[in-house]
Amino acid sequence: MFDIFCFGLSLLEMILISSDITGPHTFKQLCKIINKGEKDEILRNIIDEKMRDFITKALEDDPEKRATLEELLQHPFLLKGENDHHEVKLSGELAQLISKYQMARRQQQRTTA
């Protein structure tokens with residue numbers, strides 16, 4: 001099973017590092033921030049509404065309400081917009097990475113079973 005929550009944390013980490021929104025954060029520090037309930041404060045700093053919604057859905061605390069991989073792949077953040085020709089390419093590359101990750105995990109599970 002693809003870990004959507006960790007995926008969301010990784011995206012958040014990349015965004016924070018690239019934009020320096022709230023200073024430097026390590027993955028471990030982000031986990032502590034999320035566990036303290038400060039997630040909303042960080043997410044409010046993400047200006048792009050689609051990106052913020054995408055990450056919010058990936059970081060949903062309740063696993064039953066958290067977006068699935070299929071839902072995230074259909075999210076407007078990854079789909080082509082009228083004036084954006086790069087999002088489709090990103091979506092395809094992201095889907096390819098996810099597929100490779102899933103295949104590697106299945107192979108790893110078979111070898112350890």
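The values are calculated or read from the model by the stated rules, or taken from the named source; none is laboratory data. Just so it is clear, the model here is predicted, and its values are computed rather than measured. Cβ placement follows ideal geometry from the backbone for every residue including glycine, while neighbour counts extend to all protein chains displayed.
Filtering segment 70-79 down to residues that are assigned to a helix (DSSP H, G or I) and at pLDDT below 90, which residue is surrounded by the fewest Cβ atoms within 10 Å (Cβ to Cβ)? Reasoning before the result, please.
Initial filter on segment 70-79 (assigned to a helix (DSSP H, G or I)): 70-73.
Filter once more, so that each one left must be at pLDDT below 90: 70, 73.
On the way: Glu70: 7, Leu73: 14.
My answer is Glu70.
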Tell me whether segment 89-107 contains one or more residues that are at pLDDT below 65, part of a helix (DSSP H, G or I) and either among the basic types (Lys, Arg) or touching a Gly at 6+ places or on another chain (Cβ under 6 Å) (or both). yes
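Please go through segment 1-24 and pick out each residue that is modelled with pLDDT of 80 or more and of a type outside the set (Gly, Ala, Ser). Show your work before the answer.
To start, the set of residues in segment 1-24 that are modelled with pLDDT of 80 or more comprises 3-12.
Once the filter is applied, which keeps residues that are modelled with pLDDT of 80 or more and of a type outside the set (Gly, Ala, Ser), segment 1-24 yields Asp3, Ile4, Phe5, Cys6, Phe7, Leu9, Leu11, Leu12.
Looking at segment 25-35, is at least one residue outside any helix (DSSP H, G or I), more than 30 Å from Arg110 (Cα to Cα) and either among the polar types (S, T, N, Q) or at pLDDT below 80 (or both)?
Step one: filter segment 25-35 for residues outside any helix (DSSP H, G or I), giving 25-26.
Subset that is more than 30 Å from Arg110 (Cα to Cα): 25-26.
Subset that is either among the polar types (S, T, N, Q) or at pLDDT below 80 (or both): 25-26.
Checking segment 25-35: at least one residue is outside any helix (DSSP H, G or I), more than 30 Å from Arg110 (Cα to Cα) and either among the polar types (S, T, N, Q) or at pLDDT below 80 (or both).
Quick one: would you say Asp40 is part of a loop (DSSP other than H, G, I, E, B), at negative phi and at pLDDT below 90? Lay out the reasoning, then the answer.
Numbers: part of a loop (DSSP other than H, G, I, E, B): no; at negative phi: yes; at pLDDT below 90: yes.
No, not satisfied.
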Within the group Asp53, Asp84, Asp48, which residue is within 27 Å of Lys32 (Cα to Cα) and either at pLDDT below 90 or in contact with a strand residue (DSSP E or B) (Cβ under 6 Å, 6 or more places away or on another chain) (or both)? Asp48
